[in-house]
Amino acid sequence: MKRAFILTLVSLLSAISTQAQTGRWSGKLNVQGMSLTIVFNISDEGCTMDSPDQNVKGIKAEKSVTDDGLLSISIPVIGASFEGKYCADSIPGTFRQRGIALPLTLKPGTQKASRPQTPVPPFPYTTEEVSFNNGNATLRGTLTLPANFSRHTPAVIMVTGSGMQNRDEEIFEHKPFAVIADAFARAGIATLRYDDRGFGESTGDIVSFTIEDLKDDAGAGVSLLKERFDNVGVLGHSEGGSIALMLAAEGKADFVISLAGAIIPCKETLVSQNAYLLREKGFAEDVTDEYVAAISDAFDSIAKGETPRDMDSSSLPFALKQNYKAAVRQCGTPYMRHLLALDIRKMLCNVRCPVLALNGSRDMQVDATRNLKALHDGMDSQLLTTMEVEHVNHLFQHCNTGSISEYKDIEETFAPEVLQLMTDWLHKTASK
């Protein structure tokens, strides 16, 4: 009788352990000094993984649980796995991806970051879900309409930076475009923000596209706004600032706001970013110089349609050789080849509308001084208003250093004084 009781108890404990592992479990990976949140959504039917800091949700995963509480999760699409054992109120274990093993302890639920600027209802304005087309791409987004709007209300389409992003340009749970749309609507300015092609609710080719396609996506949104408003401009962040000026050079924008806009050639920006990141990670100056020279030559070769040189025989550390190979592979896409050959400066003489260009003094991704100078050198000064905003980073957050690693730890999503500066400029420049 005692043996039967023990077996029953063991079975019951096993069932409790398995059931306890269902639900949302989250933990933080330490990746080269940066904390990255991982979330597993575990149910009896299966499992998915989220990486909220990277705005990635619902990655399909496969899970298994042994009778003694060992949880194994495989995420084939990213070549990763997790294995850990249920212990009281946590699952300590190891996360592995492409030969790298990192400790990861999962705990029930998720830790939500404080983002006090994220708009919450009720709102003193209305929104509409809209869609527009550019060829085979269907872009879906949100049209935000201020109270008592009319055809004379200034309207702005917002264009995200590089990489696939949603209509809020969400990163690390920050939603800068939602914050801007809210501020603009309260100031009597309409906005349209949309999911990038092939992301969120939008469709479209994300394999053979180039920045020209992204520009035409935004241009289709401008056309949609012009059906309802007389004065339509483009606000672009980072690469979106480049796209805004490309549209202005084609006479398709009535005004432009460039936020951390990339004006100098992409190659120069990428080389500077690589140099900064290597120094930040503590690589010696001679190693940094050698790598930067190699990647610069590679970018030149790719832009010309040539094959970059092999770095296997170089004196660079193994990790940097692997990084070089990965960078070359990533730059082999039509998008990157086109971007590396693009020079926005050649188009600036054709811009005939007012431009407000704002860059952060602590932006470590797009250098404020060089890019603002390029605008002044290439544009009619009477149309141009620029400012290097003190103490803000690439996302226009007040910061200490401007390092990318700070982005997610800063509660502020977007500097209030920059919101005010933009609305004041729009009222002065874009209102009819």
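Values quoted throughout were computed directly from the atomic coordinates according to the rules given, and no laboratory measurement underlies them. What you see is a predicted model; the values in this text were computed from it and never measured. Here the Cβ is made from the backbone with ideal geometry for all residues, glycine too, and neighbour counts use every protein chain on show.
Residues whose amide H falls under 5 Å from that of Glu173, counting only those 5 or more places apart or on a different chain, are Asn55, with hydrogens built in the peptide plane.
Potential lengthening of the chain between Lys57 and Val77 amounts to 5.9 nm, from the contour at 0.36 nm per residue minus the alpha-carbon distance. Work from the charge dipole of the range 160-205 (Cβ charges, +1 for Lys and Arg, -1 for Asp and Glu, about the Cα centre) and give the residue of Thr203, Ile189, Ala178 farthest towards its positive end. My answer, from the dipole projection, is Ile189.
Look at where the Cα atoms of the range 175-194 and of the range 72-151 average out, and the two centres are 21 Å apart.
Each Cα pair under 8 Å and six or more residues apart adds its sequence gap; the mean of these over the residue count of the range 257-323 is a relative contact order of 24 percent.
Sequence-ordered 3J(HN,Hα) estimates for the range 90-102 from the Karplus curve with 6.51, -1.76 and 1.60 and θ = phi - 60° stand at 8, 10, x, x, 10, 9, 10, 8, 6, x, 9, 10, 10 Hz, glycine and proline given as x.
A Förster radius of 41 Å, combined with the Cβ-Cβ distance separating Ala326 from Ser131, puts the computed FRET efficiency at roughly 0.70.
Taking amide H as placed 1.01 Å from N in the peptide plane, the amide H of Thr413 sits under 5 Å from that of Gln117, each at least 5 places away or on another chain. Extension gain for Asp300 to Ser361 (0.36 nm times residue separation, less C-alpha to C-alpha distance): 19.1 nm. The residue among Ser315, Tyr291, Leu278 whose Cα reaches farthest toward the positive pole of the charge dipole of the range 278-320, with charges on the beta-carbon of Lys, Arg, Asp and Glu, is Leu278. The label-point distance for Ile206 and Glu280, in a model that sets each label 7 Å from Cα toward Cβ, rounds to 2.4 nm. The angle between the Cα long axis of helix 368-378 and the longest principal axis of the Cα atoms of the chain comes to about 30 degrees, rounded to the nearest 10. Less than 5 angstrom separates the built amide H of Leu106 from those of Ile91, Gly93, all sequence-distant by 5 or more or on a different chain. Rounded, prolate or oblate: which fits the range 288-425 when a ≥ b ≥ c are the square roots of the eigenvalues of the alpha-carbon gyration tensor, with rounded for a/c under 1.5 and prolate only if a/b beats b/c? Cα axes put the range 288-425 in the oblate bin. The packing ranking, built from the mean of other Cβ atoms within 10 Å per residue, places the peptides 187-198, 361-372 in the order 187-198, 361-372, highest first.
Dipole of the chain computed with +1 at Lys/Arg Cβ and -1 at Asp/Glu Cβ about the Cα centre; of Val366, Thr37, Leu419, farthest Cα towards the positive end is Thr37. Per-residue extension of 0.36 nm, minus the Cα-Cα distance of Gln382 and Thr94, leaves a gain of 97.8 nm for this segment. Think of each Lys and Arg Cβ as +1 and each Asp and Glu Cβ as -1; about the Cα centre, that makes the dipole of the chain roughly 700 debye.
Packing, as the average of other Cβ atoms within 10 Å across residues, places the peptides 213-221, 373-381 in the order 213-221, 373-381, highest first. For the range 402-410, backbone phi angles converted through the Karplus equation (6.51, -1.76, 1.60; θ = phi - 60°) give residue-by-residue couplings of x, 4, 4, 5, 7, 3, 6, 8, 8 Hz, Gly and Pro being listed as x.
With R₀ set to 35 Å, the beta-carbon distance separating Asn30 from Glu227 gives a calculated FRET efficiency near 0.10. Would you mind getting me the FRET efficiency between Ser431 and Arg370? Use the beta-carbon distance for r and R0 = 25 Å, nearest 0.05. Efficiency at R0 = 25 Å is approximately 0.20. Too long at a 25 Å Cα-Cα cut-off: which of Lys226/Lys373; Lys57/Lys325; Lys304/Lys346; Lys252/Lys346; Lys226/Lys428; Lys175/Lys373? Checking Cα-Cα distances, Lys226/Lys373; Lys57/Lys325; Lys175/Lys373 exceed 25 Å.
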